[in-house]
Structures are given as structure tokens and as C-alpha cells.
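Each remark here refers to the structure printed beneath this line.
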Amino acid sequence: MEKKSTVAAIFADPQFWVPVIALVFGIVLLAIYH
Amino acid sequence: MAEQTIDMATPVSASRSLHMLGVLTGFAAGVWMGAAEAPTKFVAAGFSPVLLSLAMVTGVFTGRWTIPTLLKGTGYVFHDLREKKHLIIWALLGGALWAVANTLGTVAVRDVGLSIAFPLWNTDSLVGLLWGWLFFHELRGAGSSVLTKVLGGTTAILIGAVILGYASSLRGATGPRHSGAGILVAIGAAVLWGTMFLPYRKAYISGMNPLSFVTVFTIGELVTMTVLALAFEGGPRELGHKIALARPALFWMFLGGFCWVVGDLFAQYAAKYIGIGRAAPLMNTNQLWGLAWGALVFGEFAGQSLLIRILVSGASLIMIAGALAISFAAAPHEEHLSRSVASKRECERYGMDHTQVEASLAGEDPLAGTPLSRRWWDFIIVILAVGVFVVLAKDSSRVPFPMDSRWVAVMVLAMMGSLAGCGYLLWKRTRFS
């Protein structure tokens, strides 16, 4: 129960998606230009 | 609610001493991160950027289990992580961002050369400053004088980086191969490194101990770098073969990793006590120390023109002036209140005790009353980690070109001085909290 609410709080946190998007962007850049 | 926040914000006198502590650890981070470049400098040739990065990150991971384990044992770290388990994913993300950014950085160096890549990715401090302002209320209520010092100092460090890069290019660096793509990749590295400061600040505005954060951060780095190396180096068998070939040079790459993890720990304390807006540009003075190793120890600028010497000296002075400006920009009470609002929001979102978090941000150790003494296995871990370095040193190759031993002594003295000085201050003021 507690575990579920922690995960839900992380996903509901708008700040969480900033590094996630940056990481995806970086991996795409690497895949194209490495 | 406003009154509660005001009561909990750090008192002015305490915040000034924490500001100085944060500034000094920021400078120490620059010293150690700059030194991290030195051991890898003379083994870099002949190895792919991804392999070099993987070896260094493995050294970072191993290094984390040496001195840092003696500061706080595994019991303390795991207790802290259990209390703030929502931050584990943030630390993993931070490590993954570092690994991808570092690999992008090496690609950028390949494509446009260090002289263009380095100043471009140094703009990460601006990205960090943006996230600090936007998400953690840094510099809000700071007043024009403090704002001028921080923004002016950051700009000066950036200008210094551009001039140093230009001076390096005059030494006859190889010409650009894919300039458009290389610039894009370098900017990408800056975005990732700058965004990496977001997990840093997220952890510390929640009162996490830097040693706990670094533990998970290094795992994130190692896992990401291993995946990248397997993807880009031709699979497990090919990667294993390349690592075996690199064996004589591994010690130096690991040593670079060790220096980096010490520098990163200081950077984490700086981020905790002065925020990412101020800590990021101070960390970026590592370029100055990297250059000092090259110029003074390895004699890279021997026989260079007067113009290059003037450019390097001028850029160094500009960077130092910028760093000094930031060091005098202590956050006023209003900025602390603003930061406290951001901290309270985190506590409400993740169910943490705001009083305990504020105590941690004021340099107190919230776990001080908990019996978390070091256990016997902590010492086994330290012995094993040090053993890895000893085994690698036994089979390591010798330094392939001359070094100025007097300057090596001076640089090592600066490193040890910053380690002992900042280590003592951190222990005295925060007990490594």
C-alpha cells in the first residue's frame, strides 16, 4: 500500500518528468550521432 | 502556514557559516574533479570514449566504497535511503543522466574538439540555475546585489571557459569533423548535465545525506554506462576483449574515477548548502584545475606563444573573479524563506517531517540519535575496494611521458589540503550530514 502510494506520488510529481525527458533526449542524440 | 515556514527557515548567522562551507566544498569539488582528468589524460589515446567512460565510472563506483564508507557506514546509508525511498529513483536518474551526458561529451570532443565542446557544455550551470530558480525557488527574494553577484559570477566563469577553450585550440587541436552535429551534441550534454542538478537539489531539499545519494547515483552511472558500452562496443564478448586489452591502463582510469567521486561528494555538499544555482558554476572551475595539471605537470604549454600564455592567464583570472563573486553572494533571509516553502511542498508531497528536513538543511544530522555504528562488514567492504586499486596498480603501465614532480607535489598538496580542510569543516559543522 505504502509502496504504491510512493510510486503514485513520484509519477504525479511534474518535476520527475523533466530528467526523464532529458534522458530520453540524450539517448536519442547518442543513438543518432555516436 | 507562512509563520510556520518563517520559524523553520535557517537563522541568518547559521546560514552564513553554511554558505561559506558550501562555497569551500564547491571549490574543493573543482580541485578534485579537475584532478580526475589528469590520470585519464595519458591513457586516453587508443581507447574509445565509451570504454574510457565505463572504466572511469567503475572506478567511481569502487572509489565510493573506500573513504566515504569510513565516514558513514552502510547501516546509516540504508537507514537514510529507507526513510526517503522516493529519492532512490531520482538518484538513479541522476547517475543515468551523468553517464549519457559524459558519453555525449566525448562524442562532441571527437566531432568539434575540446576547445568548442568544453565551453558549450559548461553552460550546464545556466541550465542548473534555471531549474533551481523554477523548481526550488533559489534566488527568489535574493535582491539585486546577490543576483548580480551570482549571475555575473556565472557569466564570468563561462567567459573564462570560452577563452580557455580558444587558447587550447591555438595549440593545434585537430580540426572539426562534423561541426553542426558536434555542437548539437555538446549542447545536449549541457542540457543533460544541467538537468542532473535537479535530482541533486531534489535530494537535498528533502534532507537526504549526500553519502546516501552518491551511493545510488554511482549505481545509476554504472548500470547506464554498462548498457551503453554493451550497445556501442559490439556486445559482451567484444567488450570483454577490449577491457582485457586495456588492463595495463585500468589503474589510471580507476584513479581518475576515485578523484571524481571525492570531487562529486564535495559537489553534493555544496549543492545541499548553497543550492545548485551557486554550486554548479563553482564546480565548473574544475576546468581551471584540469588545465593547471596539463600546463604545469605535463608541460603541455611549454614553448607556446606569448598570446596563448596571456589568454590562459587572463581566462584563469576571470574565472577566479567569477567564483569569488559567487562566494560573496550569501542567500539573504528572504531567499531562505522562499527555499523553505519549496522544502515544505516536498514534505507534503512525500509525507516527510518538515522540521527534520529543515534541521538537516541547517547542518544537523537527523539520524544522530539513531544507533547506526559501523559494522564489521563496512571494514571488509573498504578492504575489498582498496584491494581492487592495489591489484590494478600492480599491473599498471608506467606514465608514458615526463611529469614535473615538483608541480605534482604542489597539485597533490592542494588536493590534500582541500580534502583535509573541507573534510574537517564538514565534520565539525555537520558531522557529514
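General remarks:
- Taking the listed residues B:ASP365, B:ASP378, the one that is of a type in the set (D, E, K, R) and modelled with pLDDT under 90 is B:ASP365, with no other qualifying.
- For B:ALA323, the conditions (1) closer than 20 Å to B:TYR166 by Cα; (2) part of a helix (DSSP H, G or I) all hold with the exception of (1).
- Among (1) at pLDDT 85 or above; (2) more than 10 Å from chain A (Cβ to nearest Cβ); (3) crowded, with 20+ Cβ neighbours inside 10 Å, the one test that B:HIS86 misses: (2)
- Test result for B:LEU170, closer than 24 Å to A:VAL18 by Cβ and not β-branched (Val, Ile, Thr): no
- Only helices (runs of 4 or more DSSP H) whose full extent lies in the range B:333-433 are considered here, and the ones with at least 2 residues that are under 27 Å from the mean Cα position of the chain (by Cα) and β-branched (Val, Ile, Thr) are B:376-394, B:405-430.
One line per residue, one yes/no per condition, for (1) in contact with a helix residue (DSSP H, G or I) (Cβ under 7 Å, 6 or more places away or on another chain); (2) of a type outside the set (A, V, I, L, M); (3) at positive phi; (4) within 11 Å of chain A (Cβ to nearest Cβ):
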residue: B:HIS79; (1), (2), (3), (4): no, yes, no, no
residue: B:ARG82; (1), (2), (3), (4): no, yes, no, no
residue: B:GLY94; (1), (2), (3), (4): yes, yes, no, yes
residue: B:PRO119; (1), (2), (3), (4): yes, yes, no, no
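- The range B:229-258: number of residues that are among the hydrophobic types (A, V, I, L, M, F, W, C), within 14 Å of chain A (Cβ to nearest Cβ) and touching a residue at least 24 places away in the same chain (Cβ under 8 Å): 2
Every residue, every condition in (1) buried (at least 24 other Cβ atoms within 10 Å of the Cβ); (2) in contact (Cβ under 8 Å) with a residue 60 or more places away in the chain, yes or no:
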residue: B:ALA267; (1), (2): yes, yes
residue: B:ALA270; (1), (2): yes, yes
residue: B:ALA280; (1), (2): yes, yes
residue: B:MET283; (1), (2): yes, yes
residue: B:LEU288; (1), (2): no, yes
residue: B:TRP293; (1), (2): no, yes
residue: B:VAL297; (1), (2): no, yes
residue: B:GLY303; (1), (2): no, no
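The values are calculated or read from the model by the stated rules, or taken from the named source; none is laboratory data. Everything quoted here is computed from the prediction, not taken from an experiment. Reconstructed Cβ throughout: ideal geometry from the backbone, glycine too, with neighbour counts over all protein chains shown.
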